């Protein structure tokens with residue numbers, strides 16, 4: 001067996017190996033040295049196949065900043081809004097605005113309670129409307145609890 005070609009990249013060697021296996025051309029590869037071996041009779045046929053594949057053996061430029069970008073992503077991957085321009089909704093970073101949100105979210109359940117209080121006995125009760133009411137009520141109660149905890153925490157810090 002003689003050396004047919006020496007490759008710069010293992011991926012190109014593996015690709016040529018697959019192509020030659022598909023065509024059932026006997027050959028041998030040395031993955032450590034990236035060499036392709038075959039018999040002298042098959043050399044011209046193999047070189048013709050390799051040339052028809054148009055493999056790119058040119059040098060690859062490695063970006064020096066890839067590690068810096070990865071470290072930036074790794075250190076800020078859990079920071080909301082960091083990679084989207086830093087614009088996050090005010091209610092996610094400022095708990096002082098919870099009373100406003102509480103009023104906004106409670107507005108629908110309060111109106112629902114008023115409507116339910118003034119309903120006649122013969123009126124139909126809307127099942128899905130009641131589920132939505134309960135959902136809004138749970139959110140409002142959870143926001144109220146969070147706001148009370150925030151107020152207690154700020155009183156202790158002062």
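Observations on the structure shown:
- So residue 78, is it assigned to a loop (DSSP other than H, G, I, E, B) and at pLDDT 75 or above: yes
Table: residues versus (1) touching a helix residue (DSSP H, G or I) at 6+ places or on another chain (Cβ under 6 Å); (2) modelled with pLDDT under 75.
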| site | (1), (2) |
| --- | --- |
| 52 | no, no |
| 55 | yes, no |
| 94 | no, yes |
| 104 | no, yes |
| 139 | yes, no |
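- Checking each residue in region 10-27 for being surrounded by fewer than 14 Cβ atoms within 10 Å (Cβ to Cβ) and touching a residue at least 24 places away in the same chain (Cβ under 8 Å) picks out 10, 23.
- The residue list 19, 4 contains one member that is under 41 Å from the mean Cα position of the chain (by Cα), farther than 17 Å from residue 58 by Cβ and not in a loop (DSSP other than H, G, I, E, B), which is 19.
- Checking residue 36 against (1) under 20 Å from residue 57 (Cα atoms); (2) surrounded by fewer than 17 Cβ atoms within 10 Å (Cβ to Cβ), the condition it does not meet: (2)
The values are calculated or read from the model by the stated rules, or taken from the named source; none is laboratory data. Everything quoted here is computed from the prediction, not taken from an experiment. Please note: Cβ atoms are built from the backbone with ideal geometry, for glycine as well, and neighbour counts cover all protein chains shown.
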